[in-house]
Amino acid sequence: MTETPHDITLTLNGTPRRLSVPARRLLSDAIRHDARLTGTHVGCEHGVCGACTVLVDGQPMRSCLMFAVSADGAEITTTEGCTTATGGLGPVQQAFRDCHALQCGFCTPGFITTITAFLETNPDPTEDEAREAIGGNLCRCTGYQNIVAAVLRAAQIQREQSQLQGEQGQPA
Amino acid sequence: MTTKLFGQRVPRVEDPRLVSGQGRYLDDLGHDALAVAFVRSPHAHARITDIDVTAALDVDGLVAIYTYDDLDGRMAEPLPLLIPHPTLTQGRTPYPLANGEVNHVGEAIAMVVATDRYVAEDAAGLIEVSYDFLPPVVGVEAAREAVDLVHEDVPGNVAATYMQETGDAAATIAAAALRARLQLSIERSASMPMEGKGVHARWDDDDKSLLVNTSTQTSTSVRQAIAAKLSLPVDRVEVVTPDVGGGFGVKIMHPWPEEVLVPWAAIRLGAPVKWVEDRREHFISSAHERGQLHEVEFGYDEDGVLLGLSVEFWHDHGAYTPYGLIVPIITSTQLLGPYKPRAYRVEFHSLYTNTVIVTPYRGAGRPQGCFVMERVMDYIARDLDLDRAVVRERNFIQPDEMPYDHGLIFQDGRPLIYDSGDFPASMAMLKSLVGWDEFVAQRDAARREGRRVGIGLACYVEGTGVGPYEGGHVRVETDGTVVVSTGLTTQGQGHQTMLAQIVGDELGVPVDRVRVTTGDTRRFKYAVGTFASRTAVMSGSAVALTARKVRAKALRIAADALEASVDDLEIVDGRVQVKGSPSAQIDLSTVAVLSNPLRYAFDDAARRATQFAGRADPTKPPVDPGDEPGLEGTDYYSPTQSTFANGMHAVIVETDPETAEIKILRYCVVHDCGTVINPMIVEGQVHGGVAQGVGGALYERMEYDASGQLVNASFMDFLMPYASEVPSIEIDHLQTPSPLNPLGVKGAGEAGVIPGSAAIASAIEDAEGFPITAMPISPSELFALRAEHPAPSRRAP
């Protein structure tokens, strides 16, 4: 029962990574244990909790429901990749701290990737839209109220940043 | 002056690491460790007749398979009964691996070690276990009837019966003008942290020492348990708790079988070994809580004053009793809430069933007790046509009655004495916050539109800061960093921030200069653990006392260096200075250097403390008798009793006339946890507690079938609330300081969850006009209740 390894290439947070994985290896395990980016967490392994959500070619996906081999060639963003270009806290990450939107932090990476993708399509959400956007992720600590606030705060930070960049004549 | 940190909404120091993926949870460690999978019983009650591992032996990458027969020494004995009690005469605990019999679905039978988790699961799947089936006992009623027994040597399935009484309840009830009986039940739920359990063990054969990481709420006690089970000297074992992805009680239970098996295997195999629980394992082998059936009899007068109360209840503790009787003892004592019946009798029976064990889940028996007492209050109000808030006010213990002795023994073995609280003031705040007096008009207006809305409320008192003690260590490093450690552990409550605020204030340094470590036995060996909303009270007080000792020493050394009087000194922004003359100053970092007389100048700063630096008084020894080198200290806090926090919740619900869907329109909380260290963190704790209260009231239950299968053992079927189910929560704080500790604080961690079922039941009852006696309640159950209570018998809209 020796498993055949498959060579795949992922672009993980902008860096190409070559991995050799058995066909059945979950993308979540490949990211965490092969690429050793442990910011992505696994809460249920059946696609319900959303903790393992990563962006696959920009779309939020449950990495526990994907095989690593099926992500060959994809661009993947994890919470480690949601920082600023200089490695500081990105807008969603900063908003989570500002709003006390995390406690144990285990579900947080899945929220950060989900919200990052959501704000790409809706940069100025209402509170109802913010609540809807996080409606597929489980958190057992916060009661969600501060996460809803963090979605709105992240949108505000992004707007302020793009305004600042606009004033400085840089591309947003 | 340094800005005072205590009471401020200081952003959490933990967060930058956790939001950017730099946390270190259990499964983020030991990528190259051998992996473990367990064969667990698929049957609720059976004798094991054979374990055939033959097919598994061919799996490429298999390292070892262990069954009970492989366990040696004390590993072959049952796991400890953690909290013995004189009435727990029939306590039973499991073996690390089943010894010939399984008593619930999920009980571990064989441990498989392999090169990775996939392979370990492959091998586990090929192990054939043969069983002789025994009749399963599922649910309180079946346990009570005792037609079948869980343990053949435990008659009636009763582990313990425990009674406490103050006054003569039976006589008081008999003499009362009005009397009633209620039967009230609460179903099972579970802590269900997003991260399950996990253990990683490394054995250093050269050093003959063991380093264990486990996702626990008590590293010090796990350390002692591992040393005892593995017959190792305690000083050869260290337990380091990594970041923990939530606990809510389930991780205070210890040692879990895996917490002794994984280290045991690491020693035998001479290699690092790791086990990470998957979600199904968590459902069927980690603890549940809440399942109880209560029969209540009470007598009251025409003013709605509760005179006599007698409660008998049956507690389903599952297959074993490793955590003793803590949950039912808490129910039986905390049931009283803010009220003072003249006579109270409570008796409980703790029953075996062939289900997962029951140990504390956030609230720990209090939600059940609160549900019982608040249903009684609502019954009295309905019977006498009195306002529900008024009935409660008439039964409150008054502020001038504090401290109030209930005449009972609490969960810590000490008298149940409330130290403080102002219940009438809390009620006034709640009524104002929710608009209690205005609601009748809103309800009637809604009813005219054909809508069903109702308001409910519930009050609770929570004993927090349970002993016996916690300790703290504080050291000022020579670079000015203040390192703090305390032995209890952290599961997301922001302890690093909260403790840094306390120490920062005491030592006059900003939060970012304070580094806090929790749950690492290498740093602090004596501790109890994180449970019973105790960290701010116990470790908060301990580090405050410690920091005061360190401050006194810093001032003494600085006074010598500055040739000033200690009384004239203050510490501002990390510098000790003469009050009113800030130019005479010395950095705390320099004080730390001077605190340690040196021979060797290992760095530039150290030169000031060396023997030719010219400061020493040659008539005295470099370290005075009774003094110690280093600017550090250790101290402990050990109170005579718990401190009692309290709160009141009000909720407005709307029930759909057609579908019986239950929607929460508003949820209001008045919370009194004494002085507040960080309001942002306290509010976050309340939010999370309320969410679990809502889950427990409307969605979550452990659905066991008659054969003992947990049929909803997944996040798809066990309905934890998403953002769409949790309302916005409105909070007001009352702060009645505890007289028992140096900070005036009381615990806040569990508060939010306690009155959820009681308040929501009250609101549904108000909306529907018929009694709610069992929680949680689903739309289907409400729909069925409507059929039992046809409209004419309901209160007129």
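Values in this text are rule-based calculations from the coordinates and carry no lab data. Note that the structure is a prediction, hence the values are computed from the model and not measured. Here the Cβ positions follow ideal geometry from the backbone for every residue, glycine too, while neighbour counts run over all protein chains shown.
Key figures for this structure:
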| read-out | value |
| --- | --- |
| In region B:272-311, the GluC sites (Glu not before Pro) that fall in loop regions by DSSP, at most 12 other Cβ within 10 Å | B:Glu302 |
| Point-charge dipole on Cβ atoms (K/R +1, D/E -1) for region A:91-167, about Cα centre, debye to 20 | 360 |
| Inter-part distance where region B:415-458 and region A:101-118 are each reduced to a Cα centre, Å | 35 |
| Dipole of region B:468-637 [Lys/Arg +1, Asp/Glu -1 at C-beta], most positive-end residue of B:Phe612, B:Val572, B:Ala542 | B:Ala542 |
| Placed amide H near B:Phe644: partners under 5 Å, 5+ positions off or other chain | B:Asp419, B:Ser420, B:Thr464 |
| Charge dipole of the protein assembly as shown about the Cα centre (unit charges at C-beta), most positive-ward option of B:Val482, B:Leu182, B:Gln641 | B:Val482 |
| Whole-Å distance, taken between Cα centres, linking region B:272-328 and region A:1-47 | 42 |
| Residue mean of other protein chain beta carbons inside 10 Å, A:90-102 | 4 |
| Label-point separation, B:Ala425 to B:Val234 (7 Å along Cα→Cβ), nm | 4.3 |
| Averaged over A:127-137, number of beta-carbon atoms from partner chains that fall within 10 Å | 2 |
| Paired Rg and Dmax values of chain B, which use every Cα atom, in angstrom | 28.4, 97 |
| Efficiency of FRET between B:Ala441 and B:Phe612 - r from beta-carbon atoms, R0 60 angstrom, step 0.05 | 0.10 |
| Anchor B:Lys553: aspartates and glutamates whose Cα lies under 12 Å away (excluding residues fewer than 8 positions away in-chain) | B:Asp627, B:Glu628, B:Glu632 |
| Violating pairs (Cα-Cα greater than 18 angstrom) within the set B:Lys197/B:Lys746; B:Lys197/B:Lys251; B:Lys525/B:Lys746 | B:Lys197/B:Lys746; B:Lys525/B:Lys746 |
| Difference of contour (0.36 nm per residue) and Cα-Cα distance, B:Thr619 to B:Leu384 | 76.2 nm |
| Expected 222 nm ellipticity per residue - DSSP helices of 4 or more, -39500 (n - 2.57), all of chain B, to 500 | -8000 deg cm²/dmol |
| Local electrostatic count at B:Val753 - Lys and Arg +1, Asp and Glu -1, tallied over other residues with Cβ under 13 Å | 0 |
| Pairwise FRET efficiency - B:Glu77 versus B:Arg448, Cβ, R0 = 41 Å, nearest 0.05 | 0.05 |
| Two-site label geometry, A:Ser162 and A:Ala23: point separation in nm, points 7 Å out along Cα→Cβ | 4.4 |
| Where a label projected 7 Å from the Cα of B:Gln735 along Cα→Cβ would reach, residues of region B:526-546 with amide N under 20 Å | B:534-545 |
| From phi via Karplus (6.51, -1.76, 1.60), per-residue ³J(HN,Hα) for region B:348-356 in Hz, x at Gly/Pro | 10, 10, 9, 10, 7, 9, 8, 9, 4 |
| Loop-located GluC sites (Glu not before Pro) in region B:397-480 whose Cβ has at most 10 other Cβ within 10 Å (DSSP) | B:Glu449 |
| Ascending count of other beta-carbon atoms within 10 Å, so fewest first, for B:Lys4, B:Lys553, B:Lys229 | B:Lys4, B:Lys553, B:Lys229 |
| Sorted by Cβ neighbour density within 10 Å, fewest at the top, the residues B:Arg575, A:Arg62, B:Arg290 | B:Arg575, A:Arg62, B:Arg290 |
| Ranked list, fewest to most other Cβ atoms within 10 Å of each Cβ, for B:Val13, B:Val440 | B:Val440, B:Val13 |
| Cα centroid separation - region B:177-230 against region B:544-596, whole Å | 43 |
| Aspartates and glutamates whose Cα lies under 19 Å from that of B:Lys579, excluding same-chain neighbours fewer than 8 positions away | B:Asp505, B:Glu506, B:Asp560, B:Glu563, B:Asp567, B:Asp568, B:Glu570, B:Asp587 |
| Average other protein chain Cβ within 10 Å of Cβ, residues B:721-733 | 5 |
| Convex hull volume per residue in cubic angstrom - Cα atoms of the protein assembly as shown | 197 |
| Cβ-Cβ FRET estimate between B:Asp705 and B:Glu788, R0 fixed at 30 Å, reported to 0.05 | 0.80 |
| Calculated [θ] (222 nm, deg cm²/dmol) that DSSP helices of n ≥ 4 give over chain A, each run adding -39,500 (n - 2.57) | -9500 deg cm²/dmol |
| 0 to 90° range, to nearest 10: angle between helix A:145-167 axis and chain A longest Cα axis | 80 |
